[in-house]
Amino acid sequence: MKRIEPLVLAGSLLVLVALVALRATASGKRLAAATTHWLGEADRPDGGLIWPASGLVTRAYLPFVALTLVALAVALTRHSLRRRALAGAFVLVVSGVGAQVLGRLLVPVLGQESATLPSGHAALVLGACVAWIWIAPARHRLAVLCAAGVVATAGSLGIVVAQWHRPGDVLASLALVTAVTAVARPFARTGATTPAVSEAEGNRAHTFRGGFGYSPSTDALVAVLCGAAGCVVLYQGWGSALVGENVAALVGGLAVRWGLALAAGLLVWFAARVDESPVSRLH
């Protein structure tokens with residue numbers, strides 16, 4: 001199987017640079033304000049489950065990250081998961097710290113008010129999702145993938161709805177976490193081998209299928225769909241405050257919402273594909 005990490009790394013960095021360059025322009029600043037308005041609906045706190053869901057995200061992201069660190073510490077005690085736990089910790093820590101450092105470095109370029117990308121909150125949530133995917137035992141893999149798809153999507157969008165960050169900030173975090181994941185993924189793959197397995201066990205490993213009887217990649221695609229579905233359920237009612245404005249606002253809001261959902265799902269899918277190699281099955 002060809003290694004796609006270099007291509008994903010290069011593409012993610014290009015997206016990140018493009019977002020920074022766009023934010024540095026007057027048009028980019030106006031676009032950031034418009035997309036935030038399309039999704040935030042700041043004047044409609046009665047918009048279905050939008051505000052309770054976004055409030056839950058903002059309250060729960062730190063406990064979620066703390067729980068992830070505990071799970072990583074436990075995984076480090078298991079020989080078969082140690083390298084994956086280290087890779088997951090690398091993604092979580094480097095993504096969180098990298099978002100903060102990059103944000104500070106961009107202040108002279110973008111100005112204090114516009115230097116809000118990448119979102120440190122989103123980087124921590126997304127990095128934690130990648131860590132959970134990598135340390136999950138094989139028997140719980142499908143459930144963890146679906147949960148990661150929902151959490152990554154709802155977390156990304158909830159941060160915007162709560163007016164903590166603009167959509168471009170979250171998209172920049174997605175690019176950053178994807179780049180860090182691309183760097184760490186080869187390490188996670190090579191660390192999942194299990195020594196001294198019998199021939200029968202080896203054959204079963206080579207015919208391993210996901211929770212639906214298909215390939216692990218298909219299971220990862222399920223996570224993408226679950227993330228999008230979670231977005232619809234948790235954030236129903238979006239656009240209700242914009243009906244009286246114009247069609248462009250409604251279409252733009254839908255495009256940004258589902259664009260972020262798709263980007264979050266693709267990150268989950270990319271992280272989960274580390275299991276495609278037969279020797280990388282967790283035990």
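The values are calculated or read from the model by the stated rules, or taken from the named source; none is laboratory data. Owing to the predicted nature of the structure, the values given are computational and were not obtained by experimental measurement. Because the Cβ atoms are built from the backbone with ideal geometry, glycine has one as well, and the counts that use them run over all protein chains shown. When the accessible area is computed, the model is the full protein with side chains, heavy atoms only, and any ligands, DNA or RNA have been set aside. Shrake-Rupley method; radii C 1.70, N 1.55, O 1.52, S 1.80 Å.
Table for the structure above
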read-out	value
Mean Cα-pair separation over length for the stretch 79-125, i.e. relative contact order, pairs under 8 Å, 6 or more apart, %	41 percent
Solvent-accessible area, 1.4 Å probe, carbon plus sulfur percent, for the stretch 62-117	72 percent
Radius 14 Å from Cβ of GLY120, net charge of other residues (Lys, Arg +1; Asp, Glu -1)	+1
Point-to-point label distance, THR218-HIS140, nm (Cα→Cβ direction, 7 Å offset)	2.5 nm
